[in-house]
Amino acid sequence: MLKIEEPAEHLFDKARVGLLEIKNQPSPFDISAAKKGAEYALKNFEGYLDYVKQNKSQEQPEGRVPCTTFWLFDDEKFVGVFDVRHYLTEHLRQIGGHIAYEVVPSERGKGYVLRGLRLILDWCLNNLNLGEVLLFCNEQNERSHRVLEKALGEFGGRRLPHHEADGRIECGYWLKTGK
């Protein structure tokens, strides 16, 4: 059974191998710092938990927004990470969006992003009262394009025109949460 859980001490041993994979084999399109997060969690888990807790707080430094981190599990197996930004700044409307994700490299191509998005979209609706959320992928990231196109078909929403942001061509997708 697929589930999302916020990182916690009792989950670390289940996540350790997957975090090591993310650290050692990050996606070439990682702009959400999944590799850095995995490195930090492996090096100093207590510090990582404090960081995740601070990120979730409504009190953020200028230019940052609250963000909740979720670990994705298939039964007891750690398969990925989702970061959910609670609202958007102008910058996040161009690059980043509400949701960033990273799947453990050995688990890629198994449908975890789409299935995980189903859980994340429900969380966004029920906890943030968002009717739709924005996701981006790099123009060259064919896997993410395929997943987000499938998500459009499954959840509804709309595709945005490609645009340049931070020196890359970004593709945006608004996905409905069910509201």
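The values are calculated or read from the model by the stated rules, or taken from the named source; none is laboratory data. The structure presented is a predicted model; accordingly, all values stated were derived computationally and were not measured. We place every Cβ from the backbone using ideal geometry, glycine too, and count neighbours over all the protein chains shown.
General remarks:
- Scope segment 148-170; condition of a type in the set (Gly, Ala, Ser) and either surrounded by 11 or more Cβ atoms within 10 Å (Cβ to Cβ) or modelled with pLDDT under 90 (or both); matching residues: Ala151, Gly156, Gly157, Ala165, Gly167
- Residues (at pLDDT 95 or above, closer than 18 Å to Gln25 by Cβ and charged (D, E, K, R)) located in segment 109-147: Lys110
- Check on Tyr173, modelled with pLDDT of 95 or more, within 22 Å of Cys67 (Cα to Cα) and in a loop (DSSP other than H, G, I, E, B): no
- Yes/no for Ser144 being over 17 Å from the mean Cα position of the chain (by Cα) and of a type in the set (Gly, Ala, Ser): no
- Scan of segment 112-137 for residues that are hydrophobic (A, V, I, L, M, F, W, C), in contact with a Gly (Cβ under 7 Å, 6 or more places away or on another chain) and either farther than 15 Å from Leu152 by Cα or surrounded by fewer than 21 Cβ atoms within 10 Å (Cβ to Cβ) (or both), ordered by number: Leu125, Leu134
- Taken together, Ala41, Ala8 contain a single residue that is surrounded by fewer than 13 Cβ atoms within 10 Å (Cβ to Cβ) and at pLDDT 95 or above, which is Ala8.
- Residue pairs meeting the criteria (Cβ under 6 Å; at least 6 apart or on separate chains; first within 19 Å of Gln58 (Cα to Cα), in segment 88-105; second part of a loop (DSSP other than H, G, I, E, B) and of a type in the set (A, V, I, L, M, F, W, C)): none
- Filter result (touching a helix residue (DSSP H, G or I) at 6+ places or on another chain (Cβ under 8 Å) and in a helix (DSSP H, G or I)) within segment 119-138: Leu121
- Just one of the listed residues (Leu114, Leu49, Leu42, Leu11) is touching a residue at least 40 places away in the same chain (Cβ under 8 Å), in contact with a Lys or Arg (Cβ under 9 Å, 6 or more places away or on another chain), aliphatic (A, V, I, L, M) and part of a helix (DSSP H, G or I), namely Leu114.
- Of all the criteria given as (1) of a type outside the set (Ser, Thr, Tyr); (2) touching a residue at least 40 places away in the same chain (Cβ under 8 Å); (3) in a helix (DSSP H, G or I), the one not satisfied by Lys3 is (3).
- Taken over segment 74-98, the residue count meeting the criterion of being among the aliphatic types (A, V, I, L, M), under 20 Å from Val147 (Cα atoms) and surrounded by fewer than 22 Cβ atoms within 10 Å (Cβ to Cβ) is 1.
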